[in-house]
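Data block below; observations after.
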2 protein chains.
Amino acid sequence: MSHSGFAPHDHSHCIADTMAAAEAHCAREKLQFTKVRRRVLEILLSEHKALGAYQILEKLGAEGLGSQPPVAYRALDFLGRIGFVHKIEKLNAYVACSQPGDAHAPAFMICRLCDSVAEAAESPNDGSLAHAAQTAGFTIEKTVVEAEGVCPDCRTRG
Amino acid sequence: MSHSGFAPHDHSHCIADTMAAAEAHCAREKLQFTKVRRRVLEILLSEHKALGAYQILEKLGAEGLGSQPPVAYRALDFLGRIGFVHKIEKLNAYVACSQPGDAHAPAFMICRLCDSVAEAAESPNDGSLAHAAQTAGFTIEKTVVEAEGVCPDCRTRG
DNA sequence: CAGAAAGTGTTATATCATAACAAACGAGTT
DNA sequence: AACTCGTTTGTTATGATATAACACTTTCTG
């Protein structure tokens, strides 16, 4: 995954790549990459933005793949645990990971105008938060880093 | 506010200080620091942790200050707008600000064992996120920075 | 004081998420 | 192929978080 954030790119290519990576990951780890899980990841990849669980569920339902909330939440939970999907806490919504496989502390830029979401790699062990944690004696296990603002496209347009 | 994060401190003093600061702020800005708003801030200050809106509402209700969700949400919204309360997105919960008045991009350390929350000041304009945003041409308006982990007290105890 | 603005009380409902249990499926074994 | 254990899915029900809308009251302002 080399394209950055909001830059235009061949999206069908990046969908295929990530699907293949997920396939490979599950094979390696002996995890089941089932129809529902596969489809949820595809849906998230084909949108370039965060989707709510119920939006995903609606699409699944239209295809006969389950219509009750737990179906979507379980798939999202699975994809989150294997690192191919992240939750955007600010939006209560979910996005496909753009650096799957890498161990990374994800950081997100969320456009409040078009709802697109770009992921930036954060190094977990620098920055003022890490410094403050060290000073306070706090052990960081997970981080949520999200910036809300305006993406370059929307800025240009308006 | 000089004590840092998880360090012990004279809490009644810091409650009084912040209440006075809120009082003064509202007077300056000609905003109404009403009974409900005052009480919500007091409740949040007297706990040193994040409370859900419904937990706050329960306490309000016990005192005859309104028992329906909008009462709590409106007070939280007001206190958030004037910068005396922050929402912890990860927990869907609210904490009193420990640097009220200062313009600051808050960052939080959340102990997953005791639920205490400490606020660290982040400088919004450095760190890898700000750098990534600049590179991408993204304009940051607000940030959510939250670290989940174990606080020094819990680490020592267990 | 009168009118306007802001805040509150209340009903109803939207939105996000999980518990619990039964049925179906999948991978490995006999 | 049938067996069996663990995983996944389907389904019902409910819990948890949050807001819309409107009537009423309080507070501000002229």
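A compact table of results
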| read-out | value |
| --- | --- |
| Given (1) part of a helix (DSSP H, G or I); (2) within 14 Å of chain A (Cβ to nearest Cβ); (3) over 13 Å from the mean Cα position of the chain (by Cα), number of the condition B:Ala7 does not satisfy | (1) |
| Conditions (1) at the interface with chain B (Cβ under 8 Å from one of its Cβ atoms); (2) at pLDDT below 85; number of the one not met by A:His104 | (1) |
| Complete set of residues in the stretch B:18-33 that are free of Cβ contacts under 8 Å to residues at least 24 places away in the same chain and in contact with a His (Cβ under 9 Å, 6 or more places away or on another chain) | B:Phe33 |
| Qualifying residue in the stretch B:79-87 (condition: touching a strand residue (DSSP E or B) at 6+ places or on another chain (Cβ under 6 Å), more than 9 Å from DNA strand D (Cβ to nearest atom) and within 14 Å of chain A (Cβ to nearest Cβ)) | yes |
| Count - residues of the stretch A:21-59 that are of a type in the set (Asp, Glu) and within 19 Å of A:Lys87 (Cβ to Cβ) | 3 |
| Which numbered condition A:Ala118 fails, given (1) within 7 Å of chain B (Cβ to nearest Cβ); (2) under 20 Å from B:Ala107 (Cβ atoms) | (2) |
| Any pair with Cβ under 8 angstrom, 6 or more apart, that starts in the stretch A:55-75 at a residue that is over 21 Å from A:Leu91 (Cα atoms) and within 14 Å of chain B (Cβ to nearest Cβ) and ends at one that is away from DNA strand C (no atom under 11 Å from the Cβ) and aliphatic (A, V, I, L, M) | none |
| Listing of strands (runs of 3 or more DSSP E) fully contained in the stretch B:18-126 that carry 1 or more residues being in contact with a helix residue (DSSP H, G or I) (Cβ under 9 Å, 6 or more places away or on another chain) and open to solvent by 20 Å² or more (accessible area, probe 1.4 Å) | B:85-88, B:93-96, B:117-122 |
| Considering residues of the stretch B:139-158 that are touching a residue at least 60 places away in the same chain (Cβ under 8 Å) and within 7 Å of chain A (Cβ to nearest Cβ) only, the residue surrounded by the fewest Cβ atoms within 10 Å (Cβ to Cβ) | B:Pro152 |
| Selection from the stretch B:129-138 of residues that are crowded, with 18+ Cβ neighbours inside 10 Å and either in contact (Cβ under 8 Å) with a residue 24 or more places away in the chain or facing chain A (nearest Cβ under 7 Å) (or both) | B:Leu129, B:Ala132, B:Ala133, B:Phe138 |
| Selected residue (criterion: modelled with the lowest pLDDT) from residues of the stretch A:48-73 that are within 26 Å of A:Cys111 (Cβ to Cβ) and of a type in the set (Gly, Ala, Ser) | A:Ala50 |
| Residue among B:Glu23, B:Glu29 that alone is away from DNA strand D (no atom under 12 Å from the Cβ) and farther than 29 Å from B:Gly149 by Cα | B:Glu23 |
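The values are calculated or read from the model by the stated rules, or taken from the named source; none is laboratory data. Bear in mind the structure is a predicted one, so any value in this text is a computation, not a measurement. Every residue, glycine as well, gets a Cβ built from its backbone with ideal geometry; the counts of neighbours run over all protein chains shown. All accessible areas refer to the heavy atoms of the entire protein, side chains included, with ligands and DNA or RNA removed. Shrake-Rupley method; radii C 1.70, N 1.55, O 1.52, S 1.80 Å.
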